[in-house]
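The values are calculated or read from the model by the stated rules, or taken from the named source; none is laboratory data. Predicted model, so just to flag it, every value in this text is computed and none were measured. Here the Cβ positions follow ideal geometry from the backbone for every residue, glycine too, while neighbour counts run over all protein chains shown.
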RNA sequence: UCCUUAGUAGCUCAGUUGGUUAGAGCACAUGACUGUUAAUCAUGGGGUCCCUGGUUCGAGUCCAGGCUGGGGAGCCA
């Protein structure tokens, strides 16, 4: 029996054995015990006969103990049930002079440097339980809707995906790699016989599968060697990429909206206690902040709002019009220019989502020049069938498109984007053999976890974040 | 990569114009108390003031360079 089960069934009078970690030891008599099964602690009442004085001095915050005892109605006010111990055994001590986690508020920055121990805190155990709930919800959603999970390769030989800087995968002796006559490194001699990288996206592989299996999705790690130092970027992150044959852009947006709402509802139903804890935490933090930086509504209310409201759908062109006609623009409050043909800046996206619509927004049909080569060219020859979903607080959470399925048009786009045809031969072939309309999108898993937990730094929603200059643990 | 801000006890922070032995709360140890809820009270121990160099009679404080963290921007998911 774990604490979650005990607190949901309240089995008074039951004799049990329970293992867990000490959060606090008050008055040399009361242990707040946590076993990770839920956010709540169980109070263990220790009388002198259950614990020797010697062992009593070995119990500190962080220690692991095993308790035999009986579940009884609590005499204190803070809890309904408590475990009256008949025997307490210290399984693992925790030297209080060295153990850095205390039963007080620690800064998230400090805990980031103690990533191996931060699981022991209420905040991080809640975040990682919710991360699991979301991961499970994602597989659930796609499975229930007839999608096939495709494991895209992590090591890739394609070097033209255009999604960012890539990490090289090599078996060479870095001191002395084989070189060609012109002095450049001869990757022909390397393990795979060519220059290989860690994948930046499983999309292209997912497309290959979708053009046979119909509905597929990938959910795996991806890697970007960009020198991005922000609270929204990681060098190693997990991405969900569904790809559906015969879907157009509208169907793609329908799928993305339905999928996001399902994940949020799933967490509201299955992770309520952890959400409540994080909501409280956020409210406490907000009290320290100036009014304009505070959240507009409590966490659970924000999630329910997204789950129950239709996302706003507008085109890029309409978005530009809204921005140009806004009083914000007329008062010259935007730092960056707004003009058809250039990409929207963070401040513009925030304005649309947080001020103008105050709900998630699906932006579609961007100018072709600012989007990737594989996006389908629209009839106007100027825009592509792209879509970004923007949410308050995070910004872009989903990026997707209807893909260019016409061989000639795709070949032309490759030329425009300086992508060598021979490196993409396998991708182009799908457009020669039984091509069809299809669409998909990518969702950054950590951004979803951020949105659902209300955490504001992406490094706090993945157990061991990989960022520039940091690969500890 | 750019802008900005910070780095002082295990943690959170104060430290005045450059001036004697660098402080507080929490944590920890000891004692008191014993149905507590981050218990309380008393006493005590605890410092590479991020690193390197410089200015000065004297640097936690001023200057230069570097390292690391935070916030923002770009790139994006």
**Study point:** Failed item in (1) touching a strand residue (DSSP E or B) at 6+ places or on another chain (Cβ under 9 Å); (2) assigned to a loop (DSSP other than H, G, I, E, B); (3) within 10 Å of RNA strand B (Cβ to nearest atom), with residue A:226 passing the rest
**Key:** (1)
Revision key, fill the gap. By residue number, the members of region A:8-29 that are under 15 Å from residue A:103 (Cβ atoms) and in contact with a strand residue (DSSP E or B) (Cβ under 6 Å, 6 or more places away or on another chain) are A:20, A:21, A:22, A:23, A:24, A:25
Point to revise | Qualifying residue in region A:106-122 (condition: at pLDDT below 95 and away from RNA strand B (no atom under 15 Å from the Cβ)) | key: yes
Revision key, fill the gap. Exception for residue A:83 within (1) surrounded by fewer than 18 Cβ atoms within 10 Å (Cβ to Cβ); (2) within 23 Å of residue A:16 (Cβ to Cβ) falls at (1)
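Can you tell me which of A:434, A:442 is closer than 30 Å to residue A:211 by Cβ, outside any helix (DSSP H, G or I) and within 9 Å of RNA strand B (Cβ to nearest atom)? So that I can check it myself, show each step before the final result.
Working: A:434 fails: within 9 Å of RNA strand B (Cβ to nearest atom).
Every option except A:442 fails the conditions.
Can you pull out every residue in region A:61-82 that is in a strand (DSSP E or B), within 12 Å of RNA strand B (Cβ to nearest atom) and touching a helix residue (DSSP H, G or I) at 6+ places or on another chain (Cβ under 8 Å)?
The initial filter retains those residues of region A:61-82 that are in a strand (DSSP E or B), namely A:64-73, A:81-82.
Narrowing the set further to residues that are within 12 Å of RNA strand B (Cβ to nearest atom) leaves A:69-70, A:72-73, A:81-82.
Matches in region A:61-82: A:69, A:81.
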**Study point:** Per-region count, region A:462-473, residues part of a loop (DSSP other than H, G, I, E, B) and either within 8 Å of RNA strand B (Cβ to nearest atom) or under 20 Å from residue A:293 (Cβ atoms) (or both)
**Key:** 2
Check your understanding: If we scan region A:188-208, do we find a residue that is out of contact with any helix residue (DSSP H, G or I) (no Cβ under 8 Å at 6 or more places or on another chain), within 16 Å of RNA strand B (Cβ to nearest atom), more than 17 Å from residue A:238 (Cβ to Cβ) and touching a residue at least 24 places away in the same chain (Cβ under 8 Å)?
Key -> yes
Review point. Which numbered condition trips up residue A:373, out of (1) within 11 Å of RNA strand B (Cβ to nearest atom); (2) closer than 21 Å to residue A:207 by Cα; (3) in a loop (DSSP other than H, G, I, E, B)?
Key: (1)
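Quick check on this structure: which one of A:390, A:410 is farther than 26 Å from residue A:264 by Cβ, in contact with a helix residue (DSSP H, G or I) (Cβ under 9 Å, 6 or more places away or on another chain), in contact (Cβ under 8 Å) with a residue 12 or more places away in the chain and surrounded by 15 or more Cβ atoms within 10 Å (Cβ to Cβ)? Please lay out each step first, then the result.
Details: A:390 fails: farther than 26 Å from residue A:264 by Cβ.
Sole residue among the options that is farther than 26 Å from residue A:264 by Cβ, in contact with a helix residue (DSSP H, G or I) (Cβ under 9 Å, 6 or more places away or on another chain), in contact (Cβ under 8 Å) with a residue 12 or more places away in the chain and surrounded by 15 or more Cβ atoms within 10 Å (Cβ to Cβ): A:410.
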